[in-house]
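One structure below.
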Amino acid sequence: MEIISCPKCQNTKIVKSGIINEKQRYLCKNCNYFFTVNKVGKKIDDYYVTKALQLYLEGLSYREIERIIGVSHVSISNWIKSFNIKKPINSNYHPTYKILNHSELIEYIKNKETLSGAGMIITELGDKFMLIKWERFKK
Ligand SMILES: [Zn+2]
């Protein structure tokens, strides 16, 4: 799955348009903007698409998701659009997340206090685990 979008208008109607300085050049059919991308043909695993959509639904911003999974926020924004994902509006809580390895994760959930007053999900992320916690009852 290869996703390239126009850096100017985020449209995905992109055609190849020659190679400049060993980089593939593209033309956006929507706004006629020429651009190159550094990593041509970078394959994005469906795994990361799913993670991005999950994180988005959990209330994380595109930039936060970009930091976690290392995919540009522009791609993430396109996935959200192409899957037509709508996130429920929720202003009562904001999720926080931690990236932990297995032993850190065990240490973390050992402590009952870290689990009370909040919901959380644990999801695998590469060779680590991500723990998303909702600070529902806090401002
Ligand atoms: Zn464009």
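The values are calculated or read from the model by the stated rules, or taken from the named source; none is laboratory data. Treat the numbers as computed from the prediction; the structure is a model and nothing was measured. Ideal geometry is used to build each Cβ from the backbone, glycine not excepted, and the neighbour counts take in all protein chains shown.
If a residue counts only when it is modelled with pLDDT of 80 or more, assigned by TED's automatic domain parsing to the domain that holds C6 and on the phi > 0 side of the Ramachandran plot, which helices (runs of 4 or more DSSP H) contained entirely in the stretch 17-91 have at least 2 such residues?
Numbers: elements: 46-57, 62-69, 73-82.
Fully inside the stretch 17-91 and qualifying: nothing.
Among the residues of the stretch 97-133, which ones are among the charged types (D, E, K, R), out of contact with any Leu (no Cβ under 6 Å at 6 or more places or on another chain) and within 23 Å of I65 (Cα to Cα)?
So the first thing to find is which residues in the stretch 97-133 are among the charged types (D, E, K, R), and the list is 98, 104, 107, 110, 112-113, 124, 127-128, 133.
Checking which are out of contact with any Leu (no Cβ under 6 Å at 6 or more places or on another chain) leaves us with 104, 107, 110, 112-113, 124, 127-128, 133.
The answer is E104, E124, D127, K128, K133.
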